[in-house]
Amino acid sequence: MATLETKLTEMLTVPVEALGFQLWGIEFVHAGRHSILRVFIDGESGINIEDCAEASRQVSAVLDVEDPISTEYTLEVSSPGVDRPLFTAEQYAAYIGEDAKVQLTMPVAGSRNLKGAITAIEGQMLTMTVDGEDLIVALDNVRKGNVIAKF
């Protein structure tokens with residue numbers, strides 16, 4: 001996880017949890033003058049639009065006071081959804097046996113995009129079965145990971 005996302009996670013975890021939600025993860029997308037800060041929240045009984053609005057107000061207030069981002073950005077607060085992004089080793093561990101896709105910063109087995117089953121997580125090392133082959137990936141090498149929704 002990048003330094004800004006780490007700092008934001010530390011800053012926003014307590015305020016989000018005070019509302020009764022779990023801070024699932026944070027994603028900051030640099031897009032020139034239109035950057036986006038995505039804050040994903042989850043709850044035991046799911047998340048609805050009112051939950052997102054309440055969390056957005058709280059997060060926005062904290063960000064206004066702390067001012068950790070020097071550029072303009074749009075704040076988006078949402079549920080992780082069915083194709084939920086994965087940010088931590090614990091989240092990957094919760095989805096062992098499920099299919100996922102990951103984008104890597106450095107190639108593994110000649111590819112930066114992997115799609116397969118999460119088979120193990122040990123420390124910060126993720127094992128995925130991709131096309132019948134077990135591949136081990138350091139979580140520090142994962143740019144983005146998502147569960148593949150099954151319908």
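Using a 1.4 Å probe on the protein heavy atoms only, what accessible surface does Leu23 show? Give it in Å² to the nearest 10.
Number for this one is 20 Å².
Kindly provide log₁₀ I(q)/I(0) values, in the same order as q = 0.16, 0.26, 0.33 Å⁻¹, from the Debye equation applied to equal alpha-carbon scatterers of segment 61-100.
Each listed q maps to, in turn, -0.64, -0.91, -1.18.
Among all lysine pairs in the chain that are eight or more places apart or on different chains, how many have alpha carbons less than 17 angstrom apart?
Here the count comes out as 5.
Return the loop-located trypsin sites (Lys or Arg not before Pro) in segment 1-103 (DSSP other than H, G, I, E, B) with at most 14 other Cβ atoms within 10 Å of their own Cβ; answer none if there are none.
Qualifying residues, ordered by number: Arg33.
For every other residue with a beta carbon closer than 10 angstrom to the beta carbon of Ala149, add +1 if it is Lys or Arg and -1 if Asp or Glu, then tell me the sum.
Around Ala149, the surrounding residues sum to -1.
To test your reading of the geometry: what angle, between 0 and 90 degrees and rounded to tens, separates the Cα axis of helix 3-18 from the longest principal axis of the chain?
In the chain, helix 3-18 runs at an angle near 60 degrees to the longest axis.
With charges set only on the Cβ (+1 for Lys and Arg, -1 for Asp and Glu), what does the dipole of the chain come to about its Cα centre, in debye to the nearest 20?
For this selection, approximately 520 debye.
Which of (i) -0.34, -0.49, -1.07, -1.18; (ii) -0.38, -0.54, -1.09, -1.17; (iii) -0.36, -0.52, -1.17, -1.28 is the computed log10 I(q)/I(0) by the Debye sum over Cα atoms at q = 0.10, 0.12, 0.18, 0.19 Å⁻¹ for the structure on display?
Answer by label: (ii).
Just how large is the dipole of segment 77-136 about the Cα centre, in debye to the nearest 20, putting +1 at every Lys and Arg Cβ and -1 at every Asp and Glu Cβ?
Using only the charged Cβ atoms, the result is roughly 240 debye.
Using the alpha-carbon atoms, what tilt in degrees (0 to 90, nearest 10) does helix 49-66 show relative to the longest principal axis of the chain?
The answer is roughly 70 degrees.
Keeping all protein chains in position, work out how much accessible area Thr88 exposes to a 1.4 Å probe, and write it in Å² to the nearest 10.
It works out to around 40 Å².
The values are calculated or read from the model by the stated rules, or taken from the named source; none is laboratory data. Keep in mind it's a predicted model, so treat the numbers as computed, not measured. Reconstructed Cβ throughout: ideal geometry from the backbone, glycine too, with neighbour counts over all protein chains shown. Side chains included, ligands, DNA and RNA excluded: accessible areas come from the protein's heavy atoms. Shrake-Rupley method; radii C 1.70, N 1.55, O 1.52, S 1.80 Å.
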